[in-house]
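Q: Next up is a structure, given as structure tokens.
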Amino acid sequence: MDIKKFRVEELENLCGDIRTKIIEVVSHNGGHLSSNMGAVELIVAMHYVFDAMKDPFIFDVSHQSYTHKLLTHRWDKFDTLRQKDGISGYTKPSESLYDYFVAGHSSTSISLAVGAAKAIRLKNEEGSRIPVVLIGDGAMSAGIAYEALNELGDRKYPVIIILNDNEMSISKPIGAISKYLSQAMAGQFYQKFKRRVERLLDYLPESAMYMAKRFEEGFKLITPGMLFEELGLEYIGPIDGHDLRAVINTLQTAKKLGKPVIIHAQTIKGKGYIKAEGQFEKWHGVSPFDIESGEPTQIKKTQKSATTLFSEALFELAKEHKNVVGVTAAMPSGTGLNKLISEFPDRFWDVAIAEQHAVTSMCAMAKEGFKPFVAIYSTFLQRAYDQLIHDAAIMNLDVVFAIDRAGIVGEDGETHQGAFDISYLNTVPNMTVFAPRDEVSMKYAVEFAYKHKGTCAFRYPRDSFLPCSYQASPFELGVAEIIKKGDSQKLFIGFGNGVGRAVLCEQLIDENISIVDLKFVKPLDKKTLKKLAEKHKEWYIFSDSAKKGGVGEIVSGFLADEKIDGIKITSFEYPDEFIQHGDTTKIEESLGLLPYQLAEKIVKK
């Protein structure tokens with residue numbers, strides 16, 4: 001959609017149409033609502049002032065990029081948002097040439113912009129191309145953002161960064177003075193005046209220059225952009241991010257400066273849908289809902305999610321043991337720690353989008369005799385892998401990693417699938433890796449983790465556990481559990497939620513098949529596996545994890561090390577590819593991992 005010839009009034013009407021479209025589709029498909037509703041004018045202005053095909057448009061996390069998608073030839077396909085084979089909820093270059101980079105994790109945008117700016121300079125394209133970043137204030141809590149700002153302020157590459165502040169945390173104390181100053185600072189007159197003053201300072205005598213510098217420093221103290229100015233970036237704002245004319249004028253001013261610029265725009269989350277306007281976490285990522293009432297339209301599951309089970313078990317543990325502490329990185333409700341943070345504010349923390357800091361800070365607490373639980377998504381633990389090794393495992397500290405969203409997470413797609421944690425944890429010395437399979441074993445897992453000496457991690461799925469009709473037993477280090485003994489040559493080995501998948505699959509096959517809950521992949525129960533190898537020669541692995549470096553390869557490695565021959569292993573783990581977005585059941589069906597599909601494969605062998 002070419003909007004460069006639109007009048008401002010027409011653009012404002014377009015913003016209304018975009019909001020209507022977003023509400024209609026997200027209410028049906030689910031997705032990120034409030035962040036997208038709040039960023040409409042900012043993105044429309046970006047497309048009006050810049051060229052999205054030529055200028056790198058870099059959306060941090062990119063969960064707020066729906067307006068960008070609607071403006072780049074995806075309006076008619078937008079109804080497929082987050083559906084299998086449909087439009088992704090994040091930017092995706094394979095989906096559109098207008099999407100500069102894949103995103104899904106926070107705070108990478110400014111680093112990408114710096115890299116793009118370096119390339120533009122080396123290609124002698126400065127003046128014709130400029131990276132444009134849209135980043136939320138929450139993403140500014142991660143260290144990588146400041147690493148990038150540090151270099152950008154030093155190198156002075158032309159980059160425009162729009163700071164979408166929907167918390168008003170940066171400028172709230174400034175009030176009316178800040179508003180007045182920001183309006184002046186956003187204008188071209190002020191920018192020209194400032195450049196002239198800077199040139200004048202070069203010709204002033206030392207005493208006069210000293211006074212002028214002091215005045216400039218004092219002036220900065222009453223502006224909210226002091227931090228960015230000190231880092232060497234031009235600061236403009238705060239401006240009203242919903243005043244389309246003001247945003248356009250500001251972007252046009254910034255475009256002419258030829259230097260790194262931070263534009264501080266204040267917006268309202270959920271703008272245009274009154275029920276979602278403001279700081280309501282439940283409207284950030286939503287399931288399908290009724291537009292009129294705002295109530296969810298999907299039938300709520302009666303079975304508790306694995307996250308809820310973990311939260312309840314940890315809550316009871318924390319009540320009993322005062323040395324239990326915990327942390328999450330900006331996911332208090334997602335990991336179930338919100339209740340513990342509320343009840344025990346001195347012992348449980350949300351440290352914002354700072355996974356590395358979260359892990360290392362808990363390592364120091366373990367050193368001091370506390371028992372930290374790091375509640376974190378599988379995909380986000382990847383961001384703190386060095387800290388897991390360097391700060392936790394080398395000293396074998398008593399840190400527990402409670403890994404949520406293990407396995408396929410559905411509509412969020414390849415940047416969020418929890419496929420790799422087993423593969424990357426198994427390589428770490430001193431690490432113990434285990435998994436519960438149901439409600440009872442989750443309680444046992446939390447209890448075991450508390451008592452365990454050394455670094456450990458346990459994983460569990462996003463939703464409810466698959467049903468498992470066999471009574472769970474407490475965890476013992478490195479001990480598997482034979483939950484069903486059969487006389488078939490076949491052996492089903494399940495790990496975590498894979499146990500339920502094995503049980504469901506076994507029920508569809510007319511054979512008396514043995515089923516084992518592996519419980520631990522590190523350390524393995526070698527004694528039990530050796531005994532099972534004497535009777536069962538066909539081993540089938542069930543685990544919601546990547547095949548490469550996964551449970552099947554771990555078990556195969558054990559057989560090779562022990563020189564046990566004659567065992568045929570078939571792994572029903574994920575193939576060596578990034579798993580796309582879509583409804584979890586449909587994705588599993590496309591991968592051939594539903595119980596009936598697995599049963600058919602086994603019977604045919």
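Q: Any idea which of (1) in contact with a Gly (Cβ under 8 Å, 6 or more places away or on another chain); (2) over 14 Å from HIS32 (Cα atoms); (3) assigned by TED's automatic domain parsing to the domain that holds ILE135 is the one GLU277 doesn't satisfy?
A: It is condition (2) that GLU277 fails.
Q: How many of the residues making up segment 71-90 are in a helix (DSSP H, G or I) and out of contact with any His (no Cβ under 9 Å at 6 or more places or on another chain)?
A: Final tally of qualifying residues: 2.
Q: Would you check if LEU477 is within 17 Å of ILE493 (Cα to Cα) and either charged (D, E, K, R) or assigned to a loop (DSSP other than H, G, I, E, B) (or both)?
A: no
Q: For residues that are of a type in the set (Lys, Arg) and not in a loop (DSSP other than H, G, I, E, B), scanning just segment 438-474, find the one that is farthest from the chain's Cα centre (by Cα).
A: My answer is LYS451.
Q: Mind checking whether some residue in segment 269-280 is part of a loop (DSSP other than H, G, I, E, B) and among the aromatic types (Phe, Trp, Tyr)?
A: Yes, some residue in segment 269-280 is part of a loop (DSSP other than H, G, I, E, B) and among the aromatic types (Phe, Trp, Tyr).
Q: Here's a follow-up. Could you tell me which numbered condition PHE101 fails, if it satisfies all but one of (1) within 23 Å of GLN266 (Cα to Cα); (2) of a type in the set (A, V, I, L, M, F, W, C); (3) assigned to a loop (DSSP other than H, G, I, E, B)?
A: It fails just one condition, (1).
Q: On to the next question. Among the residues of segment 509-529, which ones are out of contact with any strand residue (DSSP E or B) (no Cβ under 7 Å at 6 or more places or on another chain) and more than 24 Å from SER423 (Cβ to Cβ)?
A: If the condition is that a residue be out of contact with any strand residue (DSSP E or B) (no Cβ under 7 Å at 6 or more places or on another chain) and more than 24 Å from SER423 (Cβ to Cβ), then ILE509, ASP510, ASN512, LYS527 are the ones that fit.
Q: Same structure again: Looking only at segment 480-504, count every residue that is small (Gly, Ala, Ser) and assigned to a loop (DSSP other than H, G, I, E, B) and tell me the total.
A: Residues meeting the conditions: 4.
Q: When you go through GLU481, GLU476 one by one, which is the residue that is in contact with a strand residue (DSSP E or B) (Cβ under 7 Å, 6 or more places away or on another chain), closer than 29 Å to ALA393 by Cα and surrounded by fewer than 24 Cβ atoms within 10 Å (Cβ to Cβ)?
A: GLU481
Q: Can you name the condition, by its number, that GLN489 falls short on among (1) farther than 21 Å from THR302 by Cβ; (2) in contact with a helix residue (DSSP H, G or I) (Cβ under 7 Å, 6 or more places away or on another chain)?
A: Single failed check for GLN489: (2).
Q: If you don't mind, another one. Can ALA265 be described as within 30 Å of GLU229 (Cβ to Cβ), assigned by TED's automatic domain parsing to the domain that holds ILE239 and either surrounded by fewer than 16 Cβ atoms within 10 Å (Cβ to Cβ) or within 24 Å of the chain's Cα centre (by Cα) (or both)?
A: Yes.
Q: Within segment 288-317, take every residue that is among the aliphatic types (A, V, I, L, M) and surrounded by fewer than 22 Cβ atoms within 10 Å (Cβ to Cβ) and give me the one that is nearest to LYS21 (Cα to Cα).
A: ILE291
Q: Among the candidates GLU589, GLU577, single out the residue that is under 21 Å from ARG82 (Cα atoms), under 25 Å from the mean Cα position of the chain (by Cα) and in a helix (DSSP H, G or I).
A: GLU589
The values are calculated or read from the model by the stated rules, or taken from the named source; none is laboratory data. These figures come from a predicted structure and were not determined experimentally. Neighbour counts run over all protein chains shown; Cβ positions are idealised from the backbone, glycine included.
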